[in-house]
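Accompanying notes for the structure given below.
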Amino acid sequence: MSYTLTVNGRERRVESGDPDQPLLYVLRNALGFTGPKFGCGLGQCGACTVIADGAPIRSCQLPISATKGMKITTIEGLGTAEKPHPVQAAFIAEAAAQCGYCTNGMVMTSAALIAQNPKPSLDEIKQALAGNLCRCGTHDRVLRAVLRATGGQKK
């Protein structure tokens, strides 16, 4: 079967014999977007997070057949090296990535939050990121980075 996806503002056609194939595999293997990572494969860690129609979603849990009409953004489409998204710039400024494996999910979840709520409270940020796991323990730097991106202060 052929599927047309809108990824990072461009329509892309992919072939998949399995309508239940996770979007994550299509993004990484067929389209070359390696920002979303395979973490747990169960939608519990957040490493595979992309933004679909403005909401953060776990691409390991979304079948390719359910993506019709969605506008999908991967971290590769969020910003550029020359003009990073405010969340990306803040993560760099706060050194919020250690090993970097969880960073995709943290950045994408934070960017979706800020798009919906430009001035979230610290509690709202914590709640939004509660499903994103980081084994390196950079959570305090991540919170500082999201607050920096919103112009907020840690309270």
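Here, each number is a calculation from the coordinates, and none is a lab measurement. In this text the structure is predicted, and so the values were computed from the model without any measurement. Please note: Cβ atoms are built from the backbone with ideal geometry, for glycine as well, and neighbour counts cover all protein chains shown.
Search the structure for amide H atoms under 5 Å from the amide H of ARG12, placed 1.01 Å from N in the peptide plane, and list their residues when 5 or more places away or on another chain.
The answer is LEU5, THR6, VAL7.
Which residue, chosen from THR138, ALA112, THR73, occupies the Cα position most advanced towards the positive end of the dipole of the chain, where the dipole is computed from +1 (Lys, Arg) and -1 (Asp, Glu) charges on Cβ about the Cα centre?
THR138
Counting other C-beta atoms within 10 Å, which of VAL7, VAL50 has the fewest, and how do the rest follow?
Ascending Cβ contact count within 10 Å gives the list VAL7, VAL50.
Total Lys pairs in segment 9-155 closer than 17 Å by alpha-carbon, pairs eight or more apart in sequence or interchain only?
Taking segment 9-155 as the scope, the lysine pair count is 4.
Suppose we take every Cα in segment 86-150 and form the convex hull; what volume per residue is that in Å³? Before the final figure, lay out each step's value.
Numbers: hull volume 4.3 nm³, N = 65.
About 66 Å³ per residue, rounded to a whole number.
Among MET70, MET1, MET106, rank each residue by its count of other Cβ atoms within 10 Å, from fewest to most, as a rough exposure measure.
Arranged by neighbour count, lowest to highest, MET70, MET1, MET106 become MET1, MET70, MET106.
Take peptides 81-87, 128-134, 10-16, 107-113 and line them up by average Cβ neighbours within 10 Å, highest first, as a rough protection proxy.
On the way: 81-87: 14.3, 128-134: 18.6, 10-16: 12.1, 107-113: 25.3.
The packing order, highest mean first, is 107-113, 128-134, 81-87, 10-16.
Please compute, over every Cα-Cα pair in segment 21-155, the percentage with a separation greater than 20 angstrom.
When all Cα pairs of segment 21-155 are counted, 40 percent exceed 20 Å.
Exposure proxy check: LEU42, LEU24 ranked by fewest other beta carbons within 10 Å?
LEU42, LEU24
Using the eigenvalues of the Cα gyration tensor, what equivalent ellipsoid semi-axes result for segment 6-52 when each is taken as the square root of five times the eigenvalue, whole Å, largest first? Each step should come with its number before you reach the end.
Details: eigenvalues 66, 37, 16 Å².
They are 18, 14, 9 Å, listed from largest to smallest.
Starting from the Cα of MET1, step 7 Å toward the Cβ, then list every residue of segment 46-71 with an amide N under 12 Å from that point.
The answer is 63-68.
Treating only the Cβ of Lys, Arg, Asp and Glu as charged (+1, +1, -1, -1), what charge dipole size does the chain show about its Cα centre? Round to the nearest 20 debye.
Here the size comes out at about 360 debye.
What angle, in degrees between 0 and 90 and rounded to the nearest 10, separates the Cα long axis of helix 103-116 from the longest principal axis of the Cα atoms of the chain?
80 degrees
Helix-only estimate, please: 222 nm mean residue ellipticity of the chain, summing -39500 (n - 2.57) across DSSP H runs of length 4 or more and dividing by its residues, to the nearest 500.
-8000 deg cm²/dmol
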